[in-house]
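The values are calculated or read from the model by the stated rules, or taken from the named source; none is laboratory data. On a predicted model such as this, the values are computed, not experimentally measured, just so you know. Positions of Cβ are backbone-derived with ideal geometry, glycine not excepted, and every protein chain shown enters the neighbour counts.
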Amino acid sequence: MSHPVSNETVEHQLNWRYATKTFDTARPVSDTDWQTLERALVLTPSSFGLQPWKFFVVTDPTVKANLKPATFNQSQVVDASHVVVFAIRRDLDEIEIDRFVARTAEVRGTTIESLSRFRQIMVGFFKSPKMDADEWATRQVYIALGFFMATAAMMGIDTCPIEGFDPAKYDEILGLNALGYGSVVVAAAGHRAAGDKYAAAAKVRFKHEDVIVRI
């Protein structure tokens with residue numbers, strides 16, 4: 001059976017990918033390519049399909065410069081073409097669940113009433129005594145990060161995931177608190193600079209048999 005993308009291409013591009021340290025400031029991601037990456041973010045799967053997130057895309061040089069000190073002065077946030085701030089919807093509640101149910105009914109051409117059992121399951125899940133909605137949403141947003149990075153790799157676009165930043169300062173700079181969102185992780189995207197020594201460094205991974213267990 002043939003695949004839309006060959007096995008060899010997938011493996012090659014995943015090997016090609018690395019956490020880019022130096023971006024080519026003269027080579028931005030094209031608008032067409034970026035639209036595809038944004039659509040990949042929108043298409044990211046999530047538990048229940050709830051999508052407890054927003055993705056804040058930063059391209060304004062002034063804003064990126066303001067973010068740099070809050071990123072421990074890592075240059076990627078100013079040199080990259082685009083910076084994506086992955087943020088969770090804090091304290092997800094029944095209002096957000098109802099919003100999702102309404103959207104489901106709209107897209108699938110059904111009624112909100114027909115989804116009442118589905119709604120009850122979601123509400124019950126979040127009312128569980130051991131449930132921490134923000135912690136759950138944080139796990140979900142890392143799915144989006146992986147989805148974004150893998151898609152970018154398939155397109156020959158470089159990325160660098162960044163956890164070394166001050167979320168509180170990011171939230172302040174970007175005005176996320178007022179929107180009910182909180183930053184979790186950041187990804188810089190663009191094209192690698194010719195002189196980035198890490199591009200040619202061999203990937204260090206444990207052997208296949210050390211990490212894959214077939215049962």
Segment 77-116, subset acidic (Asp, Glu) and in contact (Cβ under 8 Å) with a residue 60 or more places away in the chain, residue farthest from residue 177 (Cα to Cα): 79
Would you pick out the residues in segment 157-176 that are out of contact with any strand residue (DSSP E or B) (no Cβ under 7 Å at 6 or more places or on another chain) and free of Cβ contacts under 8 Å to residues at least 60 places away in the same chain? 168, 172, 175
Search result, residues across segment 58-81 that are in contact with a His (Cβ under 8 Å, 6 or more places away or on another chain), surrounded by 15 or more Cβ atoms within 10 Å (Cβ to Cβ) and not aliphatic (A, V, I, L, M): 81
Of those in segment 142-180 that are among the β-branched types (Val, Ile, Thr) and not in a helix (DSSP H, G or I), the residue surrounded by the fewest Cβ atoms within 10 Å (Cβ to Cβ) is 162
Could you give every pair whose Cβ atoms fall below 7 Å, whose first residue belongs to segment 123-145 and is free of Cβ contacts under 8 Å to residues at least 40 places away in the same chain and within 20 Å of residue 101 (Cα to Cα), and whose second residue is of a type outside the set (Ser, Thr, Tyr) and surrounded by 13 or more Cβ atoms within 10 Å (Cβ to Cβ), counting only separations of at least 6 or pairs across chains? 123/94; 123/97; 126/92; 126/133
From the options 79, 60, residue that is among the charged types (D, E, K, R), over 15 Å from the mean Cα position of the chain (by Cα) and closer than 23 Å to residue 141 by Cβ: 60
With the condition kept exactly as written, say whether any residue in segment 42-62 is out of contact with any Leu (no Cβ under 6 Å at 6 or more places or on another chain), hydroxyl-bearing (Ser, Thr, Tyr) and within 18 Å of residue 171 (Cα to Cα). yes
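Yes or no, residue by residue, for (1) assigned to a helix (DSSP H, G or I); (2) at pLDDT 95 or above; (3) under 15 Å from the mean Cα position of the chain (by Cα); (4) surrounded by 13 or more Cβ atoms within 10 Å (Cβ to Cβ):
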position: 34; (1), (2), (3), (4): yes, yes, yes, yes
position: 37; (1), (2), (3), (4): yes, yes, yes, yes
position: 40; (1), (2), (3), (4): yes, yes, yes, yes
position: 56; (1), (2), (3), (4): no, yes, yes, yes
position: 83; (1), (2), (3), (4): no, yes, yes, yes
position: 92; (1), (2), (3), (4): no, no, no, yes
position: 97; (1), (2), (3), (4): yes, yes, no, yes
position: 104; (1), (2), (3), (4): yes, yes, no, yes
position: 107; (1), (2), (3), (4): yes, yes, no, no
Lone qualifier among 214, 192, 205 - being more than 25 Å from residue 67 (Cα to Cα) and touching a helix residue (DSSP H, G or I) at 6+ places or on another chain (Cβ under 9 Å): 205
Could you list, in sequence order, all residues of segment 5-15 that are surrounded by 13 or more Cβ atoms within 10 Å (Cβ to Cβ) and either part of a loop (DSSP other than H, G, I, E, B) or of a type in the set (A, V, I, L, M, F, W, C) (or both)? 10, 14
Restrict the check to segment 109-127 and report whether at least one residue is surrounded by fewer than 17 Cβ atoms within 10 Å (Cβ to Cβ) and either at pLDDT below 95 or in contact with a strand residue (DSSP E or B) (Cβ under 9 Å, 6 or more places away or on another chain) (or both). yes
